[in-house]
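Enquirer: Can you keep this structure in mind? I'll have questions shortly.
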Amino acid sequence: MARKNRDTDWIADEAVEETPAEPCWLCGRPLGKTVDRFHPIPKSRGGRDTVPVHPICRETIDANFSASELVRHAEMGIALTNNEAVARFVKWVANKPADFHSATKGGR
Ligand SMILES: [Zn+2]
């Protein structure tokens with residue numbers, strides 16, 4: 001009976017690694033190493049809450065919404081994925097690794 005409790009050891013390890021803390025607010029994928037904080041209501045409009053998003057998701061939001069549009073969406077409870085471009089992005093990014101990043105703006 002010299003058996004150490006290895007079995008439970010690795011189970012514990014795996015559980016810690018595989019538990020995503022918080023999913024991305026926009027695309028719902030687990031977050032990677034780099035986490036951006038996004039204001040659903042822009043700071044300039046009095047928004048204080050932030051949500052975790054991928055840097056690439058944040059860029060997509062910035063590229064598709066103005067401050068007043070964000071406020072309107074937040075106040076009316078409209079998901080940003082109602083926007084066709086954003087919906088397409090979320091679909092496209094769904095299979096990418098969490099730390100995937102590419103220049104979303106064309107041209108350099
Ligand atoms: Zn995301």
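A short reminder: the numbers here are calculations on the coordinates, not readings from a lab. All of these numbers come straight from a predicted model, not from anything done at the bench. Heads up, the Cβs are rebuilt from the backbone with ideal geometry, glycines too, and the neighbour counts pull from every protein chain shown.
Enquirer: Ala85 to Asp99: extension gain in nm, 0.36 nm per residue of separation minus the Cα-Cα distance?
Expert: Value of the extension gain: 2.9 nm.
Enquirer: Listing Thr60, Thr81 from the residue with the fewest other Cβ atoms within 10 Å to the one with the most, what is the order?
Expert: Arranged by neighbour count, lowest to highest, Thr60, Thr81 become Thr81, Thr60.
Enquirer: Could you calculate the contour length gain from Asp49 to Ser68, that is, 0.36 nm times the residue separation minus the distance between their Cα atoms, to one decimal place in nm?
Expert: Value of the extension gain: 5.2 nm.
Enquirer: Using r as the Cβ-Cβ distance of Lys33 and Ile78, and R0 as 30 Å, what FRET efficiency do you calculate, to the nearest 0.05?
Expert: 0.45
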